[in-house]
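*Asks:* Mind having a look at this structure? Questions to follow.
The values are calculated or read from the model by the stated rules, or taken from the named source; none is laboratory data. Everything numeric in this text was worked out from a predicted model, so none of it was measured. A quick note on method: Cβ atoms are made from the backbone with ideal geometry, for glycine too, and the neighbour counts reach across all protein chains shown. Just so you know, the surface numbers come from the protein's heavy atoms only, side chains and all, with ligands and any DNA or RNA stripped out. Shrake-Rupley method; radii C 1.70, N 1.55, O 1.52, S 1.80 Å.
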Amino acid sequence: QVQLVESGGGLVQAGGSLRLACAASERAFSELVMGWFRQAPGNDREFVAAINWSGGSLYSDSVKGRFTISRDNAKNTVSLQMNSLKPEDTAVYYCAVDRAATHILRVAARFYDNWGQGTQVTVSS
């Protein structure tokens with residue numbers, strides 16, 4: 001099982017930026033589909049973004065144009081650059097692996113096999 005560790009969360013004012021990072025222990029990281037999800041108090045865990053082995057990406061409508069997902073296969077990391085943050089972006093952000101996918105990018109949390117511990121992002125007004 002791949003082990004994932006998220007970092008980079010924190011407190012930021014609306015309009016600010018944060019960059020989240022996820023470090024993976026899997027030696028075959030370069031062939032894995034990686035996703036970011038978030039969960040706010042009282043809400044379901046929701047899809048944010050995903051990236052496949054070749055760098056193709058998919059974003060939820062709520063973050064498209066503001067967030068950018070990227071990966072560094074040599075370092076076994078995936079990042080989420082978050083710009084123009086809004087209070088509604090406040091949530092715990094999780095990194096996850098979809099081991100069954102190759103090129104397709106799936107948005108349902110149930111398709112992802114491994115999860116990190118999460119990192120808190122708080123955006124104040």
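*Asks:* Taking the stretch 91-108 on its own, how many of its residues are under 19 Å from VAL5 (Cα atoms) and either out of contact with any Phe, Trp or Tyr (no Cβ under 7 Å at 6 or more places or on another chain) or surrounded by fewer than 17 Cβ atoms within 10 Å (Cβ to Cβ) (or both)?
*Replies:* Within the stretch 91-108, residues that are under 19 Å from VAL5 (Cα atoms) and either out of contact with any Phe, Trp or Tyr (no Cβ under 7 Å at 6 or more places or on another chain) or surrounded by fewer than 17 Cβ atoms within 10 Å (Cβ to Cβ) (or both) number 3.
*Asks:* Starting from the stretch 97-119, take each residue that is over 13 Å from ARG38 (Cα atoms) and in contact (Cβ under 8 Å) with a residue 40 or more places away in the chain and list its partners that are open to solvent by 60 Å² or more (accessible area, probe 1.4 Å) and not basic (Lys, Arg), counting only C-beta distances under 6 angstrom and pairs at least six apart or across chains.
*Replies:* These pairs meet every condition: VAL97/ASP113; ASP98/PHE111; ARG99/ASP113; LEU105/LEU58; ASN114/GLN1.
*Asks:* Moving on to the next point. Need the failing condition index for THR122 against (1) in a strand (DSSP E or B); (2) within 15 Å of the chain's Cα centre (by Cα), just the number.
*Replies:* Condition not satisfied by THR122: (2).
*Asks:* When residues of the stretch 76-92 are filtered for being part of a helix (DSSP H, G or I) and touching a strand residue (DSSP E or B) at 6+ places or on another chain (Cβ under 7 Å), how many remain?
*Replies:* 2
*Asks:* Regarding VAL97, is this residue at pLDDT below 95, in a strand (DSSP E or B) and at negative phi?
*Replies:* yes
*Asks:* Now for a separate question. Sort out which residues of the stretch 111-125 are exposed (fewer than 13 other Cβ atoms within 10 Å of the Cβ) and modelled with pLDDT under 95, and write them in order of number.
*Replies:* SER125
*Asks:* Does ALA40 qualify as being surrounded by 14 or more Cβ atoms within 10 Å (Cβ to Cβ) and in contact with a helix residue (DSSP H, G or I) (Cβ under 9 Å, 6 or more places away or on another chain)?
*Replies:* yes
*Asks:* Moving on to the next point. How about the stretch 57-94: which of its residues are under 13 Å from the mean Cα position of the chain (by Cα), at pLDDT below 95 and among the charged types (D, E, K, R)?
*Replies:* Across the stretch 57-94, the qualifying residue is only ARG71.
*Asks:* Does at least one position in the stretch 49-59 carry a residue that is surrounded by 18 or more Cβ atoms within 10 Å (Cβ to Cβ), touching a helix residue (DSSP H, G or I) at 6+ places or on another chain (Cβ under 8 Å), assigned to a loop (DSSP other than H, G, I, E, B) and of a type in the set (S, T, N, Q)?
*Replies:* Among the residues of the stretch 49-59, not one is surrounded by 18 or more Cβ atoms within 10 Å (Cβ to Cβ), touching a helix residue (DSSP H, G or I) at 6+ places or on another chain (Cβ under 8 Å), assigned to a loop (DSSP other than H, G, I, E, B) and of a type in the set (S, T, N, Q), which makes the answer no.
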